[in-house]
Amino acid sequence: MRPGTWKFRREGEEGVIRIELVKRPQHSAFFSAMSPFIAFGLTLVFGAILFAAIGKPPLAALYSYFIEPLSEMWSVHELIIKATPLIMIAVGLSVCYRSNNWNIGAEGQFIFGGIAGSLIPILVPGFQNAATLPLMMIMGMIGGAAYGAIPALLKTRFNTNEILTSLMLVYVAQLFLDWLARGALRDPNGAGFPGSIRLSSAAQLPEIAPSQGGAHLGIVFAVIAAVVVWFMLRSTLKGFEVRLIGSSPRAGRFAGFSAPGMVFFAFLVSGALAGLAGISEVSGAIGQLRETISPGYGFTAIIVAFLGRLNPLGIIAAGLVLALTYLGGEAAQISLGVSDKVARVFQGMLLFFVLGCDTLIHYRIRVAGRAIASAMEKS
Amino acid sequence: MTDATATTAASGTLLRVAGITKVFGTLKANDAVDLDVAPGEIHALLGENGAGKSTLVKMLFGSLQPDAGTIFWKEEPVAVANPMQARALGIGMVFQHFSLFDALTTAENIALSLDEATALSTIAERAKALGDAYGLPLDPNAVVGDLSVGERQRIEIIRCLLQKPELIILDEPTSVLTPQEAEKLFVTLDQLRGEGKSILYISHRLEEVQRICDRATVLRHGKVVAHCTPANETPASLASMMVGADVAAVQRTGAGSTGEPLLEIVDLVRHAASPFAVPLSGVSLTVRAGEVIGIAGVAGNGQGELFEALSGEVLQTTPGQVRLRGKDSGRLGISQRRRAGAAFVPEERLGHGAAPGMKLSENLLLSRHRTDGKAFLGPLGVIRSGAIARSTKRIVSDMDVRKSAEDPEAAALSGGNLQKFIIGRELDRKPAIMVVNQPTWGVDAGAAAHIRQALIELARSGSAVLVISQDLDELFEISDSIAVMHNGHLSAPVPIADATYEKIGLLMGGAEPGHAARDMEVQA
């Protein structure tokens, strides 16, 4: 069925009903800016209802979910560790989405960055010097960018829908990593457990404040990436090209910009940043290549990108908020005994409400069509 | 056809429109329009794009309300508040752009348009019966997404006929049909006329209007310029009514000199990129320094395709087909052609010539980032906003662009003011070659005069100017010679001294002997 149209059957009646979104002539700038906050508020309200429904005290639950993780220094570090990949990936995605390229496969690019970046320390563990880490980071970016280039190539060469190809490549990447961690790259002395050898200290990203917690240098990369991309989008010709092609493709062509070139640019930038996030996670947070290296950062980063209004500076804030849902999920599991899948529920609600608010800011709903009384035999 | 006219004249009018006026802002889209349609008559509503045809029928169908004037239905004054009321009166409409859901079946689509709830099976039966009766066979259970354009149009027509209308409004019905499908449609229309139904037929295809319409009303700039009987007219006379034959007194700033050729189009060929595109076949033209050459033609005869080919948005197959300042440029992209001294103004302002959601200063950068990179861009492509703001200000004051804010978004400007800005953006570069498509489309008279003057002055200062326009008055006012585009062919340019409306109108109808000979060669 076409979206917005429903067939229904009720009390022997069958019919078609149509719900249309009608563009508002003018949209409110105030509500546009407020939309992430409204969405967050709605998420809290519905989260409270959710906790109440499963028999947990709602306020206490929300407290342990959203406040408790911020009360101690080490857990703030945990928050930063979780926010690092989210921000890095989402910054790259903002370039994609602003230019109207729908990269849903950052998770796969993240994984390939993790794999490519850890090849040197795993295969040549003796190579330990000042060049080790920079080389790993560069390899990670190349790995992510190369994996991101696949949907870009398919889109420009065969006009394939990048949403489908990039998403499907995630599963390929996940299974490939699983195979590597159990096969080719498995630690021979690991008693048969999956996972590579532990990275040497020369191959691990240093912690920024070792006495307080485990947050590593990755957050610095993330903030630098956000500021650079923010400046690029706002004040350079390349950023103008991104925004122009995204908003008016025909005017973009008239300006002499290449649409296929932009597809590659967007996918290579977002792939490289997702790859950098992947190797930073392996090198800074995990310390070895495992059969899974991401609790879905590449997907959650999509929420971060939209919650941050596709603005890299907004994305820094949004990344911290979404990181909190991961931590809260873990905290809630311990203190409330609820499944940590609740974190996914919160993330889903947040994205739903952000997109819902944005839609209602730009459109209003109109119901058209009606029930058609019918004694229809065929269906 | 004369019989039909004679009988209807006796039986009074079905629909009469008296003094209908509709104003949008400063634009009079309909200015005291009179029109009457007799029972059993196919009445053509002729006019160029923007002449006010759509506005008029939207008021007849209740989608718009007139500011003045009266609609008489069977000699009774009526107010048509909405389309539902129009249908209740007996007015049906088939839109140019179909409003069908691809994922639903034919019968379900028809059900959605009916005002009263009816069983789907009943609808399917009635639709099928009607279709068979009118030679519009359709399968009620077919999913619309699988149907051809012609079949979809059948659904729209059946959907309209199910309401038992007495007057059917058809908006450019053949623009989406193949010649064979159009033939079938004409048979259906003939049959409907035979049953005493009236049809208001909107088109700018003169041949078919002559063939099937009993009478015609011609609109131009929102006014009725003529009521006529198409059978008594020629395509050329109809064309000149549509585009206007009133020659404005023109003060020229000296005759066009014949300098060196700056823009040469040599046997330019372009195959149709889509089923509705017009292929260009062997277009040749030379524009010299100091002259303005106009390209006339009825809309949709390949002007848009020619513009894209010249601008470099679409490349040529061989470099020699387009030459800029003596250099083969057919394989160069739009930025390189700009750097070779050319400037382009497309027909569509929002979304093509300018990005609606971007500021004027950003829209300045849109076409100037390669030609003025030194002035507007710093190291690493950082935009020099100060330099751009100064240039924007200069263009705004040179072209007298009226705006409400310091640096508003392009969409916030009126059409005429945005067009002045877009033209000014290119003139500011002092281009050696200027190609403009529809320079004054929908622009008020004052702004249009300003733009035309600027184009003439550019040519007199030694540039080559090519103006594609459907407004013959405009072309006669500014061109040194006029060539005519018809069905992808371009005629030889006619020097302005030899050009008459009749001659150009004849060429617009495709009646040039040279064309006929060429067509025969192609077929042979």
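A few notes on this one:
- Test for residue B:345: is it surrounded by 20 or more Cβ atoms within 10 Å (Cβ to Cβ) and under 22 Å from the mean Cα position of the chain (by Cα): yes
- Any hit, region B:80-95, residues being under 20 Å from residue B:183 (Cβ atoms) and surrounded by 17 or more Cβ atoms within 10 Å (Cβ to Cβ): yes
- Verdict on residue A:226 being farther than 25 Å from residue A:169 by Cβ, more than 14 Å from chain B (Cβ to nearest Cβ) and crowded, with 21+ Cβ neighbours inside 10 Å: yes
- Restricted to helices (runs of 4 or more DSSP H) entirely inside region B:284-387, those with at least 2 residues that are without any contact (Cβ under 8 Å) to a residue 12 or more places away in the chain are B:373-376.
- Residues in region B:217-234 that are modelled with pLDDT under 90 and assigned to a loop (DSSP other than H, G, I, E, B) were compared, and the one that is farthest from residue B:69 (Cα to Cα) is B:234.
- From the list B:327, B:393, B:403, the one residue that fits, being more than 27 Å from residue B:469 (Cα to Cα), basic (Lys, Arg) and more than 9 Å from every other protein chain (Cβ to nearest Cβ), is B:393.
- From the list B:100, B:104, B:130, the one residue that fits, being touching a Ser or Thr at 6+ places or on another chain (Cβ under 8 Å) and not aromatic (Phe, Trp, Tyr), is B:104.
- Among the residues of region A:177-198, the ones that are acidic (Asp, Glu) and either in contact with a Ser or Thr (Cβ under 7 Å, 6 or more places away or on another chain) or crowded, with 17+ Cβ neighbours inside 10 Å (or both) come to 1 in all.
- Candidate set from region A:209-222 (those that are buried (at least 17 other Cβ atoms within 10 Å of the Cβ) and under 26 Å from residue A:95 (Cβ atoms)); member that is farthest from the other protein chains (Cβ to nearest Cβ): A:215
- Matching residues in region B:288-314 - criterion: being within 12 Å of another protein chain (Cβ to nearest Cβ) and of a type in the set (A, V, I, L, M): B:314
- Condition check for residue A:282: in a helix (DSSP H, G or I), surrounded by fewer than 23 Cβ atoms within 10 Å (Cβ to Cβ) and in contact with a helix residue (DSSP H, G or I) (Cβ under 9 Å, 6 or more places away or on another chain): no
- Unmet criterion (only one of (1) in the same structural domain as residue A:215 (by TED's automatic domain parsing); (2) out of contact with any His (no Cβ under 8 Å at 6 or more places or on another chain)) for residue A:81: (2)
- Qualifying residue in region A:333-341 (condition: more than 14 Å from chain B (Cβ to nearest Cβ), modelled with pLDDT under 90 and within 15 Å of the chain's Cα centre (by Cα)): no
- Check on residue A:254, within 14 Å of another protein chain (Cβ to nearest Cβ), in contact with a helix residue (DSSP H, G or I) (Cβ under 9 Å, 6 or more places away or on another chain) and aromatic (Phe, Trp, Tyr): yes
- Within region B:85-115, tally of residues that are part of a loop (DSSP other than H, G, I, E, B), touching a Gly at 6+ places or on another chain (Cβ under 7 Å) and among the hydrophobic types (A, V, I, L, M, F, W, C): 1
- Candidate set: region B:136-164, residues that are surrounded by fewer than 17 Cβ atoms within 10 Å (Cβ to Cβ) and part of a helix (DSSP H, G or I); chosen: the one nearest to the other protein chains (Cβ to nearest Cβ): B:145
- Cβ-Cβ distances below 9 Å connect no pair with a first residue in region A:170-183 that is within 18 Å of residue A:274 (Cα to Cα) and without any contact (Cβ under 8 Å) to a residue 24 or more places away in the chain, a second residue that is assigned to a helix (DSSP H, G or I) and among the polar types (S, T, N, Q), and a separation of six or more residues or different chains.
- Residue check for residue A:297: on the phi < 0 side of the Ramachandran plot, among the aromatic types (Phe, Trp, Tyr) and modelled with pLDDT of 90 or more: yes
- Counting only residues that are among the aliphatic types (A, V, I, L, M) and within 10 Å of chain A (Cβ to nearest Cβ), region B:346-376 holds 6 of them.
- Condition check for residue A:262: of a type outside the set (Lys, Arg), part of a helix (DSSP H, G or I) and within 21 Å of residue B:351 (Cβ to Cβ): yes
- Taking region A:307-321 as the range and being surrounded by fewer than 24 Cβ atoms within 10 Å (Cβ to Cβ), in contact (Cβ under 8 Å) with a residue 40 or more places away in the chain and not basic (Lys, Arg) as the test, the residues that pass are A:310, A:311, A:313, A:314, A:316, A:320, A:321.
- Residue tally, condition assigned to a loop (DSSP other than H, G, I, E, B) and free of Cβ contacts under 8 Å to residues at least 24 places away in the same chain, over region B:470-500: 6
- Residues in region A:229-243 include at least one that is within 19 Å of the chain's Cα centre (by Cα) and modelled with pLDDT of 95 or more.
- Pairs where the first residue, in region B:424-438, is at positive phi and the second is surrounded by fewer than 22 Cβ atoms within 10 Å (Cβ to Cβ), C-beta under 6 Å, 6+ apart: B:438/B:347
- So residue B:189, is it surrounded by fewer than 16 Cβ atoms within 10 Å (Cβ to Cβ), over 24 Å from the mean Cα position of the chain (by Cα) and not hydroxyl-bearing (Ser, Thr, Tyr): no
- Total residues in region B:50-79 satisfying the condition of being among the polar types (S, T, N, Q) and surrounded by 15 or more Cβ atoms within 10 Å (Cβ to Cβ): the figure is 3.
- You will find that of B:388, B:423, B:395, the residue that is touching a Pro at 6+ places or on another chain (Cβ under 9 Å) and not assigned by TED's automatic domain parsing to the domain that holds residue B:456 is B:423 and no other.
- Region B:116-135, subset in a loop (DSSP other than H, G, I, E, B) and either surrounded by 21 or more Cβ atoms within 10 Å (Cβ to Cβ) or without any contact (Cβ under 8 Å) to a residue 40 or more places away in the chain (or both), residue farthest from the other protein chains (Cβ to nearest Cβ): B:116
- Residue match in region B:67-75 (condition: in the same structural domain as residue B:166 (by TED's automatic domain parsing), free of Cβ contacts under 8 Å to residues at least 24 places away in the same chain and not β-branched (Val, Ile, Thr)): no
The values are calculated or read from the model by the stated rules, or taken from the named source; none is laboratory data. Remember, it's a predicted structure, so these values are computed and weren't measured experimentally. Please note: Cβ atoms are built from the backbone with ideal geometry, for glycine as well, and neighbour counts cover all protein chains shown.
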